[in-house]
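Here is the structure we will look at.
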Amino acid sequence: MAIRINLLAEAQVAEETRRKNPIKLAIWIGSFLVAVVLLYMLKLQLDIVFSRKTYYAIEQSWKENNDKYKEVTNNIAKTVDMDKKLEALDRLSTNRFYWAPVLNALQQTMIKNIQVIRVTGEQQYSKEAARTTGAGANKVTIPGGIVEQTSLFIDAKDYDPNAQNYDKFKETLSNYSFFVKLLGLHNAFILGGTLSAPTADPTDPSKLFVVFRLASHFTEVRRE
């Protein structure tokens, strides 16, 4: 029977023991875990980079959309303001004071020996600020507006001043239905200033006349 002698037995046993050493195994496992963590951290960094790019892209898109939104809202505000102005102009055009009926009324009220030489109309507008009335739950805000003040001045000649035709003309105008409707009894025509001195008519020196002025102030109209 052959006898076998393993001369490397001790070396093999030492190598086997080294392989089964738990510290080395732990080192290998730890190294693997560290590698996994590093890979995970690398993945997180890549995710952060891509997420940041996405964030910047979304932020840029939001800024562009926000600028467009501001532009749209500004245009809407301008449109609303323009609509209000157009509406106000429309109200002014439909509710404004008409002078043609006034001139027509003057034609209907002329009397003998009176010659109208000038008709002057004046319109003034004053801004009225908003105001509040009441207090607490009963507080009411009254919006401001524009107050329209219209005046009429008539310069004329009276060719028979002894008969005081200027006064008759004034009464005729004041009692005419058109002017009564617009002026009322308290805003009738009045004699403005004083009568001029009797003057000879250049076309007929035998005729004398005096110049006078009648004034009237129409009822104020409030335009919102």
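Any read-out appearing in this document is the output of simple, stated calculations on the displayed coordinates, not a laboratory observation. These numbers were taken from a predicted model, which means no experiment stands behind them. All Cβ positions, even for glycine, are placed from backbone atoms using ideal geometry, and neighbour counts span all protein chains on display.
Couplings 3J(HN,Hα) of region 33-44, computed from phi: 5, 4, 5, 5, 4, 5, 4, 5, 5, 4, 4, 4 Hz, in residue order, whole Hz [Karplus 6.51 cos²θ - 1.76 cosθ + 1.60, θ = phi - 60°; x for Gly and Pro].
Under a model in which nothing but the beta-carbon of Lys, Arg (+1) and Asp, Glu (-1) is charged, region 56-208 shows a dipole of about 300 debye around its Cα centre. Count charges around Thr109 for me, please; just the other residues with Cβ under 13 Å from its Cβ, Lys/Arg as +1, Asp/Glu as -1. Result for the local shell: +2. Close Lys pairs in region 95-224 (alpha-carbon distance under 14 Å; sequence gap of 8 or more, or different chains): 6. Positive contributions from Lys and Arg (+1) and negative ones from Asp and Glu (-1), summed over other residues with Cβ under 15 Å from the Cβ of Leu208, come out at -2.
Highest mean packing comes first when the peptides 107-116, 72-81 are listed by Cβ atoms within 10 Å, giving 107-116, 72-81. Over all other residues within a Cβ to Cβ distance under 15 Å of Ser51, the charged ones net out to +1, with Lys and Arg as +1 and Asp and Glu as -1.
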